[in-house]
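Participant: Got a structure for you, written out below as structure tokens; questions coming shortly.
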């Protein structure tokens, strides 16, 4: 019987490739939320089409939003939000955190649930925040999925305090819908630092681009009530999804260019420029895009990844192949992502003969000769990407359930396999 696993290809030499990436998941899903709330038609150009974004579009359609596809683009026209409706969040954090405040604006009951592991992801703070803003939610006292939002067609809004140390999406979800609340919203965070600050900056920037008034202070965000403008969104390439491709240049001593890399962006993936340079890569941003050249050997990394935690799986894979030890810290919140990413990375790297261990807030990885074996992915797209990086240098890496990468990058395995080695 043939193996159900994907055999990660081993590099036959230095990679020499130009890789054009699809749109940003984070920007696409924020644009879809704002489009559903806008007073005018919206066209979303170059969006990402993946499981997470299709789940978002379907969730908003279930609530009455008019979202149509025109070739690869999405178009929306204003529509009345209403229930009853059922929303499937899958494992998508943006769907489970961004849709409930929108559901509260719908007239009728909205039942929200997702994949089995989604029921373990942090949701209590946003449920409590919506209740404090006057929204009736039935969650059986769990503070987690599944739950039902009893929408009345309006939300009073006003001040609310939240502990968003589990995910910046808990704040973004409230901010994105807040302009349609009667009094807007004032969100105050109390607790350990909010992770993924660039994603909050993205939310604020995208709201302002649609004419929404947003004021920010340290751990405080105010959104004024008012209309959300329509118009066109042009979605940037997903820079976090560049991590494994740029990392391939480092592993193989080759060259990889990602076209259309923005000179200025709120995407966390832009941090790759500095992080890979610290590991020894030559990094150049120019008219052709971002180019990374590997030196033929590279060092480990000591970095606080609190704001860019989604880069951790690929950076951990690089660390396992580096010439010196690495410490990746500030990422305790990754235990509440699609899976417990810290435990998963330690288990799978060590399963290939590596030397990785968990820290209270991160990982310590010491290079060691690796061998082939099955690399489990735990329904986590970024684990597939990490395994692919390891497979470049380690023969015999077999990736379990590679299809889960369709969450953010459908066609990844074909794109990965097509990267040429230089002569």
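Participant: Given the structure, is residue 262 part of a loop (DSSP other than H, G, I, E, B), under 15 Å from residue 393 (Cβ atoms) and in contact with a helix residue (DSSP H, G or I) (Cβ under 9 Å, 6 or more places away or on another chain)?
Facilitator: no
Listed here are the residues, each with its yes/no results for (1) touching a helix residue (DSSP H, G or I) at 6+ places or on another chain (Cβ under 9 Å); (2) in the same structural domain as residue 129 (by TED's automatic domain parsing).
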{"site": "187", "(1), (2)": "yes, yes"}
{"site": "190", "(1), (2)": "no, yes"}
{"site": "206", "(1), (2)": "yes, yes"}
{"site": "218", "(1), (2)": "no, yes"}
{"site": "229", "(1), (2)": "yes, yes"}
{"site": "242", "(1), (2)": "yes, no"}
{"site": "246", "(1), (2)": "yes, no"}
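Participant: Right, next: What number of residues within segment 149-159 are more than 25 Å from the chain's Cα centre (by Cα) and either closer than 15 Å to residue 99 by Cβ or in a strand (DSSP E or B) (or both)?
Facilitator: Total meeting the criteria: 6.
Participant: A further question follows. I want to confirm something. Restricting to segment 364-393 and keeping residues that are buried (at least 24 other Cβ atoms within 10 Å of the Cβ) and in a loop (DSSP other than H, G, I, E, B), which single residue is modelled with the lowest pLDDT?
Facilitator: Top of the filtered list is 380.
Participant: Answer yes if at least one residue in segment 165-180 is surrounded by fewer than 21 Cβ atoms within 10 Å (Cβ to Cβ), on the phi > 0 side of the Ramachandran plot and touching a residue at least 12 places away in the same chain (Cβ under 8 Å), and no otherwise.
Facilitator: No, segment 165-180 contains no residue that is surrounded by fewer than 21 Cβ atoms within 10 Å (Cβ to Cβ), on the phi > 0 side of the Ramachandran plot and touching a residue at least 12 places away in the same chain (Cβ under 8 Å).
Rundown of residues vs (1) farther than 22 Å from residue 206 by Cβ; (2) within 22 Å of the chain's Cα centre (by Cα), yes/no style:
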position	(1), (2)
253	yes, no
256	yes, no
259	yes, yes
268	no, yes
278	yes, no
281	yes, no
285	yes, no
291	yes, no
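Participant: So, one more: Within segment 290-299, work out how many residues are modelled with pLDDT under 95 and surrounded by 14 or more Cβ atoms within 10 Å (Cβ to Cβ).
Facilitator: 0
Participant: I'm trying to understand the selection: among the residues of segment 348-358, which are surrounded by 18 or more Cβ atoms within 10 Å (Cβ to Cβ) and either assigned to a helix (DSSP H, G or I) or not assigned by TED's automatic domain parsing to the domain that holds residue 370 (or both)?
Facilitator: Result: 348, 349.
Participant: While we're looking at this one, here's another question. Considering each of 280, 253, 286 in turn, give the residue that is surrounded by fewer than 14 Cβ atoms within 10 Å (Cβ to Cβ) and out of contact with any strand residue (DSSP E or B) (no Cβ under 7 Å at 6 or more places or on another chain).
Facilitator: Among 280, 253, 286, only 286 is surrounded by fewer than 14 Cβ atoms within 10 Å (Cβ to Cβ) and out of contact with any strand residue (DSSP E or B) (no Cβ under 7 Å at 6 or more places or on another chain).
Participant: I'd like the residue in segment 394-404 that is in contact (Cβ under 8 Å) with a residue 12 or more places away in the chain and either crowded, with 20+ Cβ neighbours inside 10 Å or in contact with a helix residue (DSSP H, G or I) (Cβ under 9 Å, 6 or more places away or on another chain) (or both) and, out of all such residues, is farthest from residue 339 (Cα to Cα).
Facilitator: 394
Participant: Would you pick out the residues in segment 144-159 that are more than 29 Å from residue 337 (Cβ to Cβ) and surrounded by 17 or more Cβ atoms within 10 Å (Cβ to Cβ)?
Facilitator: 157
Participant: Looking only at residues in segment 25-52 that are out of contact with any helix residue (DSSP H, G or I) (no Cβ under 8 Å at 6 or more places or on another chain) and in a loop (DSSP other than H, G, I, E, B), which one is surrounded by the most Cβ atoms within 10 Å (Cβ to Cβ)?
Facilitator: Checking each candidate, the answer is 38.
Participant: Within segment 405-414, work out how many residues are surrounded by fewer than 22 Cβ atoms within 10 Å (Cβ to Cβ) and modelled with pLDDT under 90.
Facilitator: Of the residues in segment 405-414, 3 are surrounded by fewer than 22 Cβ atoms within 10 Å (Cβ to Cβ) and modelled with pLDDT under 90.
Participant: Do we find that residue 57 is over 22 Å from residue 202 (Cα atoms), in contact with a helix residue (DSSP H, G or I) (Cβ under 9 Å, 6 or more places away or on another chain), buried (at least 21 other Cβ atoms within 10 Å of the Cβ) and free of Cβ contacts under 8 Å to residues at least 40 places away in the same chain in this structure?
Facilitator: Here the answer is no, as residue 57 does not meet what is asked.
The values are calculated or read from the model by the stated rules, or taken from the named source; none is laboratory data. Quick caveat, the model's predicted, so the values are computed rather than measured. Reconstructed Cβ throughout: ideal geometry from the backbone, glycine too, with neighbour counts over all protein chains shown.
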